[in-house]
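The values are calculated or read from the model by the stated rules, or taken from the named source; none is laboratory data. The structure displayed is predicted, hence computed values, not measured ones. Ideal geometry is used to build each Cβ from the backbone, glycine not excepted, and the neighbour counts take in all protein chains shown.
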Amino acid sequence: MKYVEFAQFEEKKDSNNPFSTLYLLPSGESFYIEPAFYSQLQGFKERHHDKYDLIIEEIINLVKRNKHIVFTSNYEHPLTEVDGYIYLEITDVTNPLKIYVEDKSRGSDYGD
């Protein structure tokens, strides 16, 4: 799937990971965007539209620093499986930027 935020990078098909989009930077770094990660990214776009460009910039900076990244919604159970890549979640990108989404889900109060 093409994502407009990363259209400046070459997109490559990976038959071993058909549901994730693989992007290549001209300098050799590469990254995967999983669909659920992109959905989370869009949630930040809706809630923090004034900081969205900063989030995208941080994603690219992380790729340049770490060389090979899978951006996943859950690093314990990623959709994409590839050797030599690190796995980062949306909070790994946004928390260092001090951009947060309040998690209002909580357990039941009936046990109190």
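Give me the residue from the range 41-54 that is at pLDDT 95 or above and within 15 Å of Thr72 (Cα to Cα) and, out of that set, surrounded by the fewest Cβ atoms within 10 Å (Cβ to Cβ).
This residue is Gln42.
More than 14 Å from the chain's Cα centre (by Cα) and over 19 Å from Asn66 (Cα atoms): is that true of Pro18 in this structure?
Yes, satisfied.
Which ones in the range 69-112 are in a loop (DSSP other than H, G, I, E, B), polar (S, T, N, Q) and at pLDDT 95 or above?
Selection gives Thr72, Ser73, Asn74, Thr80.
May I ask you to list pairs of residues, at least six apart or on different chains, whose Cβ atoms are under 8 Å apart, with the first in the range 39-54 being within 12 Å of Val93 (Cα to Cα) and the second being of a type in the set (Gly, Ala, Ser)?
Gln40/Ser73
For a quick check of your reading of the model, give me the residue pairs whose first member lies in the range 1-27 and is touching a residue at least 24 places away in the same chain (Cβ under 8 Å), whose second is of a type in the set (Phe, Trp, Tyr) and loosely packed, with under 10 Cβ neighbours inside 10 Å, with beta-carbon atoms closer than 9 Å and at least 6 apart or on different chains.
From the range 1-27, no pairs qualify.
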